[in-house]
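First the structure, in the form of C-alpha cells, and then the observations on it.
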Amino acid sequence: MEKVMTTAVFGGGCFWCTEAVFKMLKGVIAVKPGYAGGTTENPTYEEVSSGNSGHAEVIYIEYDPERISYRDLLTVFFASHDPTTANRQGNDTGTQYRSVIFTTSGTQEEEARKFIAELNASKAEGAPLVTEVTALPKFFPAESYHLDYYARNKNAPYCQLVINPKLEKVQKSFADLLAKNAS
C-alpha cells in the first residue's frame with residue numbers, strides 16, 4: 001500500500017530560514033522554497049523581493065501525516081518566526097515576508113484558524129497574531145539556487161547570524177519532533 005503524503009504551505013519570512021527549520025522534522029519528506037499569494041505569473045526572486053508582485057516567500061512541505069501532524073507543523077511554524085508583526089521578520093520587511101498559511105483543504109483552514117484562536121486566547125498580554133490564513137491559489141517554485149540554501153551556505157554570515165539561532169531554538173524546544181539525522 002502506497003503512503004499518502006500531505007502538503008502544507010507556510011510563509012514565515014525568509015524561505016531560507018523556514019526551509020532549514022522544517023527539513024529537520026521527522027515525517028517531512030521534502031521542503032521546497034517558492035512564492036505564493038501574488039498576482040505575477042511565474043514570479044522571479046527579484047520581482048518578489050521588490051514587494052510589487054504581492055507574493056510571499058513560502059515553503060511547500062510534503063509530509064507523512066502518520067509521522068507528524070499538521071498541528072505539530074503549525075506549532076513549529078508559530079514558534080520559529082514572529083507572527084505578531086505584519087510584513088516583517090527581523091530586518092526583512094515587506095509583504096513578501098508576511099506571516100501566512102496557505103491551506104490546501106478546508107480541514108487545514110479550520111485547524112489553522114482554531115490554532116490561531118487558541119494562541120491568541122492563551123496570551124494575556126502581547127500583540128495578537130497577524131498571520132493570514134487563505135487557500136493556496138498557486139505555488140511557484142523558487143529558482144534552483146534557493147533550494148537547500150542553508151545546507152550549501154552554512155558558513156555565510158546570514159546563515160550564522162539568522163538561521164542558526166532559529167535552528168537551535170527548534171532543536172531545543174521540539175526535540176521530540178526532530179528526525180534522527182537532524183542536527
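The values are calculated or read from the model by the stated rules, or taken from the named source; none is laboratory data. Everything numeric here is computed off the predicted structure, so don't read it as measured data. When we count neighbours, we look across all protein chains shown, and the Cβ atoms used for this are built from the backbone with ideal geometry, even at glycine.
Between THR131, THR103, the distinction of being farther than 20 Å from VAL48 by Cα, in contact with a strand residue (DSSP E or B) (Cβ under 7 Å, 6 or more places away or on another chain) and surrounded by 11 or more Cβ atoms within 10 Å (Cβ to Cβ) belongs to THR103 only. Checking GLU19 against (1) within 10 Å of the chain's Cα centre (by Cα); (2) of a type outside the set (A, V, I, L, M, F, W, C); (3) modelled with pLDDT under 95, which single condition isn't satisfied? Unmet condition: (3). Every test in (1) acidic (Asp, Glu); (2) part of a loop (DSSP other than H, G, I, E, B); (3) modelled with pLDDT of 95 or more is passed by GLU62 save one, and that test is (2). Whenever a residue of segment 115-134 is within 15 Å of ARG88 (Cβ to Cβ), its partners that are assigned to a helix (DSSP H, G or I), lying with C-beta atoms within less than 7 angstrom and at least six residues away or across chains, give the pairs LEU129/ILE116; LEU129/LEU119; LEU129/ASN120; THR131/ILE116. Scanning segment 1-16 for residues that are under 13 Å from the mean Cα position of the chain (by Cα) and in a loop (DSSP other than H, G, I, E, B), we see that the one that is nearest to GLU111 (Cα to Cα) is GLY13. Of the helices (runs of 4 or more DSSP H) lying entirely inside segment 97-183, the ones with 1 or more residues being within 17 Å of TYR60 (Cα to Cα) and under 16 Å from the mean Cα position of the chain (by Cα) are found at 106-122, 149-152. Residue check: GLU125 meets all listed conditions (1) modelled with pLDDT under 95; (2) in contact with a Cys (Cβ under 9 Å, 6 or more places away or on another chain); (3) not β-branched (Val, Ile, Thr) but one, namely (2). Across segment 32-87, the qualifying residues are those that are loosely packed, with under 15 Cβ neighbours inside 10 Å and among the charged types (D, E, K, R), and the one among them that is farthest from GLY13 (Cα to Cα) is GLU66. Determine whether THR85 is farther than 24 Å from LEU167 by Cα and either touching a Lys or Arg at 6+ places or on another chain (Cβ under 8 Å) or β-branched (Val, Ile, Thr) (or both). Answer is no for this residue. Taking the criterion of being free of Cβ contacts under 8 Å to residues at least 60 places away in the same chain and not in a loop (DSSP other than H, G, I, E, B), the only residue of segment 78-87 that qualifies is PHE78.
Looking at the structure I just gave you, is GLU110 of a type in the set (D, E, K, R), at pLDDT below 95 and out of contact with any Cys (no Cβ under 8 Å at 6 or more places or on another chain)? So GLU110 does not fit the description; no. Scanning segment 138-164 for residues that are under 23 Å from ALA8 (Cβ atoms) and surrounded by 11 or more Cβ atoms within 10 Å (Cβ to Cβ) yields a count of 14.
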